[in-house]
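Contents: one structure, followed by commentary.
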Amino acid sequence: MLSRTAENLFWLARYMERAETMARLLEVGYRMGLMPSAGTGYRNEWASLVSAAGSARGFGAKFGEEFHQRDVETWLFFDRENPSSVISCIETARQNGRAVRTALTTEMWDALNGAYLDLREIERRPRSEALLPELCEWTKRQGALFRGATEGTHLQNDGYDFLNLGWYLERGDNTARLLDVKYYVLLPTTDMVGGSIDTYQWTTLLRALSAYRAFHWAYGGEYSPRKIAHFLILNPACPRSLLHCLDTVEYHLDRLAKAYGSRTAAHDRAEAALGELTAAKVEDVIGEGLHEFLTRFVNQNAALGQDVADGYLFGIQ
Amino acid sequence: MYDGKRVRPAYAKLLDWVESTSPEALSQKQRQAEALFRRIGITFAVYGEGGDTERLIPFDMMPRVFTEYEWRRLERGVKQRARALNAFLYDVYHRAEITRAGIIPADLVFRNEAYEPAVVGIDPPAGVYSHIVGIDLVRTGPEEFFVLEDNCRTPSGVSYMLENREIMMRMFPDLFRATRIAPVDDYPDRLRRTLASVAPASCEGQPVSVLLSPGAFNSAYYEHSFLADQMGIELVEGQDLFVQGDFVYMRTTEGPKRVHVIYRRLDDSFLDPLCFRPESMLGVPGLMNVYRSGGVAIASAPGAGVADDKAVYIYVPEMIRFYLGEEPILKNVQTWKCADPSDRKFVLENLADLVVKEVHGSGGYGMLVGPKSTKEQVAAYAERIKGDPAAFIAQPTLALSTCPTFVDEGLAPRHVDLRPFCLVGREVHLCPGGLTRVALKEGSLVVNSSQGGGVKDTWVLAD
């Protein structure tokens, strides 16, 4: 297929996934804001959300030092100056989709264009009517609709692989960042570990990842950083775990190698990373330091994305 | 629709349907159709307007109907014209016998902006220059069709022809069951085969065709993507193609892949920055060299625009006689060239009764409809003509036929024109249907979508 088409599909999926992550982050903030003791004694959770979204600098430049809920909502959902806001993501995704309209099925385009049209409607409504939980639900639903349309109607060809590479590279990145917020940003003092706030934060994180019940089912209810780290990093059954994301990336790279009859640098990197993660024990992760481990993962993931671009998306070989 | 007081038989079934359906049900259907169009994403952009850059062309549910008998004559006329235009193009880039014979002034051809010296002497496969010819027609009487203009470069609108039909079939299956309407949905397949049939001789095996678009910001981008999709060929932009040695390649995830036929939907001047506009980012550097050496076919051929120039238009009936030895089946609208002193005098004296167009303009931009304009507008336009007479032609306002159209008050007559699409490869084919454009404003004669026109499905009924 055309390199440009592959590139657009890859980014289309990345942006749809990112929109969802922004909504999940906002959900975390909203739920934490509902906590009875919120705002006393430790850092404002809205501030940590913005930093987890990777856009603290842009936010600061526009809204200053204070992190008010309404500003953060604006920044992460409505603001076109923030390239990762839900609105920016969905518009960019649609722009990518429009540029490769022929590579999408009617159902996929419907889902994408439908999201875009809804969004314009949402923007027209007064902000007082745009309730955050509804916006978050809506965003997740758009992601689900588009993925469903893709699964149900797209040919299982190389285009499908590039879409999935986009999805799972982005998702791995996002899980790592969300986990890092909880672990590194939200709870700066160790004496709070195990307390009710701690538990509340863990459950919120799991809810935001739509993994609350799945976690209970797999681990039997008791929260510990170790169990949750295992679930979100090393459990191949968790659809958002780092291992699952990397495994899926490798699977689609493998399909491309078979279809095209040649491997790229991305294959070697993915294979090495997957080998390491598969062999890792949760003790290794904690031993390295969860924050350090997650940072390393995010960097490695970015390098993998670059390898995919070099190997396929620029059409130079 | 009416023949005197009688309903024309072709419309009888439609009228039954309208009369047996409540106004509420009809307006509900209209809303459904609009929702379908918007969902599918059939929009077009209007240049020079802020705000919503993606607009819907208003769709009218009432189809325009031709009988097979009417259509057959029209078909012969359109094909005749398409053949003559291609013969003309071949001639003016070779021996130019038509100018030597004094039938068309040489200046009009060789000093024309659309004339492309870079392609003189090149033999495109099958001698075809214009592979898709869109002829804009109006009807003034039962047997009387006039050609408004020819489109030999990149006529657009065929996606509306196909989607209008698709939506009509979805919404009114009963009408289609009750009537025998010639299908149009094989058009993309015929276009694909037409393109393949003009692949260069150096092509071995299956030719690879692509559709070259300026990109997603072009007003006709929807059509580009729609056609590429329907034909199963790649939709490329300039950046996707590159020249290496004697051939053109596209960048793919599996490396370079040779391209044999380029169906281009951008203007000549953007094709190759080395040959035309050096600052253009849309084209493919070196493309014209490959074209000249026969490494790639381009449809329509660069330079094809000289045949659809509004000043050349005047001579098309002569072309038909000259190249084909036949009498033209379709008439030209009488046209005055403002470049000609006596014509100019007549035009300026009768400006309020005429339609004046820019010779190189298209899309209804920059034209004057005398009877619909104020004195001030007419006077201002007269000054423009005096400033650059050769840039304008004038035509009488015709008593255009009307077609019943849904408006707020119900069904009412509105003026229509027709653009059928003719494919020219190793064979010539006319799709039985076309794009009917309708002027939605009462009394208006301007049907261009950029000027508030709408579209209708066009039916050719089997006898």
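We did not get these values from a lab; they are worked out from the coordinates using the rules stated. Bear in mind the structure is a predicted one, so any value in this text is a computation, not a measurement. No Cβ is skipped: glycine too gets one built from the backbone with ideal geometry, and neighbour counts run over all protein chains shown.
Descriptive notes on the structure:
- Rounded, prolate or oblate (a/c below 1.5 giving rounded, otherwise prolate when a/b exceeds b/c) for chain A by Cα gyration tensor: oblate
- Mean Cα-pair separation over length for chain B, i.e. relative contact order, pairs under 8 Å, 6 or more apart, %: 23
- Total formal charge among the other residues, if their Cβ is under 13 angstrom from that of A:W202, Lys/Arg +1 and Asp/Glu -1: +3
- In a fully extended conformation the segment linking B:L56 and B:Q239 would gain 63.0 nm over its present Cα-Cα distance, using 0.36 nm per residue.
- Sites A:S210 and B:A96, calculated FRET efficiency, Cβ-Cβ separation with R0 51 Å, nearest 0.05: 0.10
- Chain B: DSSP helices with Cα axial extent of at least 27 Å and average Kyte-Doolittle hydropathy no lower than -1.0: B:68-92
- The mean sequence distance of close C-alpha pairs (under 8 Å, at least 6 residues apart), as a share of the length of segment A:155-317, puts its relative contact order at 30 percent.
- Filter on B:K345/B:K441; B:K375/B:K441; B:K310/B:K372; A:K140/A:K281; B:K79/B:K441 - keep pairs with C-alpha separation over 25 Å: B:K345/B:K441; A:K140/A:K281; B:K79/B:K441
- Here the label points at A:A303 and B:F176, each 7 Å from Cα along the C-beta direction, are separated by 5.6 nm in the simple model.
- Entry note: the protein assembly as shown has Rg to Rh equal to 1.05, where both radii use alpha-carbon atoms and Rh is the Kirkwood radius.
- Distance-filtered residues of segment B:311-352 - backbone nitrogen under 20 Å, label point 7 angstrom along B:I103 Cα→Cβ: B:311-335
- Length gained on full extension, B:D185 to B:T140: 13.3 nm, using 0.36 nm per residue less the C-alpha separation.
- Peptide-level mean, for B:248-258, of C-beta atoms on other protein chains within 10 Å: 6
- Using the Cβ-Cβ distance between B:E34 and A:R125 with R0 set to 30 Å, the FRET efficiency from 1/(1 + (r/R0)^6) comes to roughly 0.85.
- When you restrict to C-alpha pairs under 8 Å that are six or more residues apart and normalise by the size of segment A:1-153, the relative contact order lands at 33 percent.
- Neighbouring partner chain Cβ atoms per residue of A:103-112, average, 10 Å criterion: 2
- Partner shielding of A:2-8 amounts to 6, given as the average count of beta-carbon atoms from other chains within 10 Å of each residue beta-carbon.
- Other residues whose C-beta falls under 12 angstrom from the C-beta of B:S20 contribute a net charge of -2, scoring Lys and Arg +1 and Asp and Glu -1.
- Note on A:T106 and B:L26: the model spin-label points, each 7 Å out from Cα along the C-beta direction, lie 2.7 nm apart.
- Put a dot 7 Å past the Cα of A:F314, heading toward its Cβ, do the same for B:A462, and the two dots end up 5.7 nm apart.
- The simple Förster model, with R0 at 60 Å and r as the Cβ-Cβ distance, assigns A:A259 and B:R73 a FRET efficiency of 0.70.
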